[in-house]
Amino acid sequence: MSTEKLFQIRFLAKAERLSLVRVLVKEMAESVGCCVELSEKLVIAVNEACMNIIQHAYKGDESGEIVFEMLNNEKELHFRLVDYACPIDLNSVKPRDLNDIRPGGLGTHFITEIMDEHSMGHLNEGEGNYLNMKKKIN
């Protein structure tokens, strides 16, 4: 089973850059056989992950860079996000209680609900973080 890199992009940690990311995820997911409903859910998960990087890893520093790639091995889609911000406290990344009704803070909840697997950690060089997400498509 071979893995195909559907795309890789690098972009600044600016919320307005995410419109391109959303279009790419939706179009590429549908091109490999995902239904519209699933492709839209994948867009939500990836968008939330990117916003978390912008807000929490880079803390609004728009000069930070995000590298995003999407791969397909015919059974599942792989999404990998990398940033070069200071390493985050991995133990602090968790969904908030859904009974705590207020705007924001649901990114990790959406990622957990939509994706089949996800993992995060620090880059080997000690400067930066990664998030890997997988979704079965067959």
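Bear in mind that the values in this text are calculations on the coordinates, not laboratory data. None of these values were measured; they are calculated from a predicted model. As a convention, Cβ positions derive from the backbone with ideal geometry for all residues, glycine included, and neighbour counts pool all protein chains shown.
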ask   = If each residue's Cβ is checked for other Cβ atoms within 10 Å, how do GLU37, GLU30, GLU117 rank with the fewest at the top?
value = GLU37, GLU117, GLU30
query = lysines near LYS41 by alpha-carbon distance under 18 Å, same-chain residues fewer than 8 away left out - which ones?
reply = LYS26, LYS75, LYS134, LYS135, LYS136
message = 7 Å from Cα along Cα→Cβ at both LEU90 and GLU127: what's the point-to-point distance in nm?
response = 2.1
query = Fully extended, how many nm does the chain gain between GLU37 and ASP116 (0.36 nm per residue separation, minus their Cα-Cα distance)?
reply = 26.9 nm
key: Options [x] 38, 36, 27; [y] 44, 38, 21; [z] 56, 42, 27 - which one matches Cα extents along the principal axes in Å as calculated here   = [x]
task = Sum -39500 (n - 2.57) across every DSSP H segment of at least 4 residues in the chain, then divide by the residue count to get the 222 nm mean residue ellipticity, nearest 500.
result = -9000 deg cm²/dmol
task = Rank ASN52, VAL67, ILE137 by how far each Cα sits towards the positive end of the charge dipole of the chain (+1 on Lys, Arg Cβ; -1 on Asp, Glu Cβ) and give me just the farthest.
result = ILE137
Burial order of peptide ranges 6-17, 72-83, 38-49 (average beta-carbon count within 10 Å, highest first) = 38-49, 72-83, 6-17
message = Just to be sure I understand: with springs between alpha-carbon atoms less than 10 Å apart, which residue in ILE54, ILE111, ILE88 has the highest mean-square fluctuation in the Gaussian network model of the chain?
response = ILE88
ask   = Given +1 on the Cβ of Lys and Arg, -1 on the Cβ of Asp and Glu, and no further charges, what dipole in debye does the stretch 4-136 carry about its Cα centre, rounded to the nearest 20?
value = 120
key: Pair ASN138, THR3: separation of 7 Å Cα→Cβ label points (nm)   = 1.7
